[in-house]
Amino acid sequence: MNKMKCTVCKREAFVKLPAHNAKFCPDHFDQFFLRQVSRLIKKFRMLRPGARVLVAVSGGKDSLTVVDVLHRLGYQVTGFHVNVGIKENNFSEESEAVTISFFEKLGLPLKIINLEKEYGRNITTFARRFPRLCAVCGLTKRHLMNDYALAGRFSCVATGHHLDDLASSLLANVLRWDLSYLAKNLPVLPAEGPFAKKIKPLALLSEEEVRIYSELRGIKPVTAVCPYSKEAKFKRYKFFLNELEKQSPGMKRAFYENYLKVAGIFEKAGTSELPLRNCKICGGPTPSEICTFCRLWNRTQSAQEEDQEINLGDGN
Ligand code: SF4
Ligand code: ZN
Ligand code: ZN
């Protein structure tokens, strides 16, 4: 059988990317990956050269990859990790340890917030009352990170969402015609009042490409799995898109890129009708007197029965 040859240098290729009609040796795959990120950053004006960026780091391959790439591209990266206190599978301890050792190796600053130490309880104490624990966990992490980014005057907050995440949530939201989500499924959300700017530098790279890059770079992500992980979330949409991708390479990327061309039409429909004001406790943005975060974390035991009424949908 003929060996695959790198499209650029004709040396032996180790990976074939049908979506790009290309095969690469390790060096040229690395260059391809950096170039894709760098182009997206420029195209969407995500970051100025050398900007200070706060990266949400879970300890998984996607977030560690964003840190690695942005650091290599010359941005000033600070990590932000929340230890949510999940004891099962030693999940939170391992995630924190992996994150610390990764940042130590790169010599980059890292901020860690431990929910038990700061708020006296961990995320699992919400599990019984909120079957969608990931919604509480995500809201908590986003709130803390937004606060920290604004206080530290970071240019923006970066996350490790890749093409498979964005294309599958796009498909799910199109099938529901959820206009407010369709307005926000973008690689960049500008700073808006009390919300920091948000960027997704891996938005046009597939999960497989991120996996190959992280392995090539020797990145060792956390192996423990969160027992509350909603693995099923968007999983069937990812599966479906991957099946289509096999028949028509490049389809996934085209689906998402074509959405980007028309996303503006959803903008108005996605605007919150409720005006935001400042939360009485933390000063953060909220359509009600007290924001969801404060209602969750600064509450008295006697108010627990109100939990079911808490709307987990605010924030952007
Ligand atoms: Fe939190 Fe859900 Fe992630 Fe577990 S899987 S850490 S509960 S967001
Ligand atoms: Zn090559
Ligand atoms: Zn608040």
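Structural remarks
- Taking trypsin sites (Lys or Arg not before Pro) in DSSP loop conformation with at most 11 other Cβ atoms inside 10 Å as exposed sites, the chain has its longest uninterrupted site-free stretch at 154-267.
- Evaluating 6.51 cos²θ - 1.76 cosθ + 1.60 at θ = phi - 60° for every residue in the range 281-287, the Karplus couplings come out as 8, 9, x, x, x, 7, x Hz, glycine and proline recorded as x.
- Helix-only arithmetic for the chain: the sum of -39500 (n - 2.57) across DSSP H runs with n ≥ 4, divided by the residue total, places the mean residue ellipticity at 222 nm at -13000 deg cm²/dmol.
- Annotation: amide H of ARG52 within the under-5 Å range of GLN76, SER155, sequence separation 5 or more or interchain, hydrogens built in the peptide plane.
- Relative contact order [Cα under 8 Å, 6+ residues apart], the chain, whole percent: 18 percent
- Under-5 Å amide H pairs with ILE281, H placed in peptide plane, nonlocal only: CYS291
- Net +/- balance of residues flanking CYS25 in space, Cβ distance below 14 Å, scoring K and R +1, D and E -1: +3
- Principal axes of the range 70-205: Cα extent on each, largest first, Å: 44, 40, 30
- Net charge over other residues, Cβ less than 9 angstrom from the Cβ of LEU241 (K, R count +1; D, E count -1): -1
- Volume in Å³ per residue [convex hull over Cα atoms, computed for the chain]: 148 Å³
- Hydrophobic, long helices, defined as DSSP H runs whose alpha-carbon span along the helix axis is 20 Å or greater and whose mean Kyte-Doolittle value is at least -0.5, occur in the chain at 91-106, 133-151.
- DSSP loop GluC sites (Glu not before Pro) with at most 14 other Cβ within 10 Å: longest gap in the chain: 1-230
- ILE86 long-range amide H proximity, modeled H, under 5 Å: SER92
- As a proxy for reagent exposure, HIS71, HIS28 were ordered by neighbouring Cβ count within 10 angstrom, fewest first; the result is HIS71, HIS28.
Coordinate-derived values only; no laboratory data. Remember, it's a predicted structure, so these values are computed and weren't measured experimentally. As a convention, Cβ positions derive from the backbone with ideal geometry for all residues, glycine included, and neighbour counts pool all protein chains shown.
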